[in-house]
1. Restricting to helices (runs of 4 or more DSSP H) lying wholly in the range 1-103: which have 1 or more residues that are in contact with a Gly (Cβ under 9 Å, 6 or more places away or on another chain) and either charged (D, E, K, R) or closer than 28 Å to Ile122 by Cα (or both)?
2. Tell me whether the range 93-114 contains one or more residues that are of a type in the set (A, V, I, L, M, F, W, C) and more than 16 Å from the ligand (Cβ to nearest atom).
3. Residues of the range 54-107 being more than 24 Å from Tyr24 (Cβ to Cβ), polar (S, T, N, Q) and surrounded by 12 or more Cβ atoms within 10 Å (Cβ to Cβ), which ones?
4. Considering only the range 21-50, how many residues are among the β-branched types (Val, Ile, Thr) and over 18 Å from Glu84 (Cβ atoms)?
5. Output yes when any residue across the range 34-46 is within 16 Å of the ligand (Cβ to nearest atom) and touching a Leu at 6+ places or on another chain (Cβ under 7 Å), and no when none is.
6. Scan the range 75-87 and tell me whether some residue there is β-branched (Val, Ile, Thr) and farther than 15 Å from Asn38 by Cβ.
7. Among the numbered criteria (1) among the hydrophobic types (A, V, I, L, M, F, W, C); (2) under 12 Å from the mean Cα position of the chain (by Cα); (3) away from the ligand (no atom under 16 Å from the Cβ), which single criterion is violated by Phe15?
8. Search the range 108-124 for residues that are more than 20 Å from Ser82 (Cβ to Cβ) and pair each with any residue that is among the charged types (D, E, K, R) and in a helix (DSSP H, G or I) when their beta-carbon atoms are under 6 Å apart and the residues are at least 6 apart or on different chains.
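Values quoted throughout were computed directly from the atomic coordinates according to the rules given, and no laboratory measurement underlies them. All of these numbers come straight from a predicted model, not from anything done at the bench. Cβ atoms come from the backbone with ideal geometry, glycine included; neighbour counts cover every protein chain shown.
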Amino acid sequence: MEHKIKNKVEEPFSFKKRLESFRYAFKGFVWLFRFEHNSRIHLFSLIAVTIAGFFFQISKEEWALLFIVCGFVFAAEAFNSSIEFLADEVSLEKRDKIGKSKDLAATGVLIAAFTALIIGLIIFVPKIISLLN
Ligand SMILES: Nc1ncnc2c1ncn2[C@@H]1O[C@H](COP(=O)(O)OP(=O)(O)OP(=O)(O)O)[C@@H](O)[C@H]1O
């Protein structure tokens, strides 16, 4: 194991290896939407928000803010799933620290989703109100 870590440090830069990393990351992307049903809800929200963005012709800054928070939600969801897989590999028995670890990972997703919701409300609520008036 130590030998493997040492080799990784001394490994020369390789474009082929970097491309391979992209391939693994893309595999993770597929897992995310296949097994994490929350991600499908987030994807649906992203599509809805994008349509709303075009409809209300939001500014460049508002687009940037929206994509930052949406990216944050998907990244949190990916880390959450990763922790869940790893925790289940360690033990499927009820264990206090595994429970805490999973709860914290889920809290991370909740924080990201709540932040995205607040940003969405700040951007769209005034536009919806002025449309209705
Ligand atoms: N091995 C365990 N030991 C103790 N508590 C656990 C364990 N596995 C799950 N839990 C508890 O059950 C909760 C749900 O865990 P689970 O792995 O089923 O996630 P999930 O329902 O798939 O979550 P999500 O819907 O976010 O994907 C955890 O947050 C934790 O509180």
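1. Values: elements: 2-10, 15-35, 37-55, 60-90.
Here the list reads 37-55, 60-90.
2. First, pick out the residues of the range 93-114 that are of a type in the set (A, V, I, L, M, F, W, C): 98, 104-106, 109-114.
With more than 16 Å from the ligand (Cβ to nearest atom) added as a condition, the list becomes none.
No, that holds for no residue.
3. Thr107
4. Quick first cut of the range 21-50, residues among the β-branched types (Val, Ile, Thr) only: 30, 41, 47, 49-50.
Then keep just the ones that are over 18 Å from Glu84 (Cβ atoms); that gives 47, 49-50.
Total satisfying the criteria: 3.
5. Within the range 34-46 (the criterion being within 16 Å of the ligand (Cβ to nearest atom) and touching a Leu at 6+ places or on another chain (Cβ under 7 Å)), the answer is yes, since at least one residue qualifies.
6. Filtering the range 75-87 for residues β-branched (Val, Ile, Thr) gives 83.
Checking the rest, the ones that are also farther than 15 Å from Asn38 by Cβ come to none.
Checking the range 75-87: not a single residue is β-branched (Val, Ile, Thr) and farther than 15 Å from Asn38 by Cβ.
7. Failing condition for Phe15: (2).
8. Close Cβ pairs satisfying both conditions: Ile123/Glu62.
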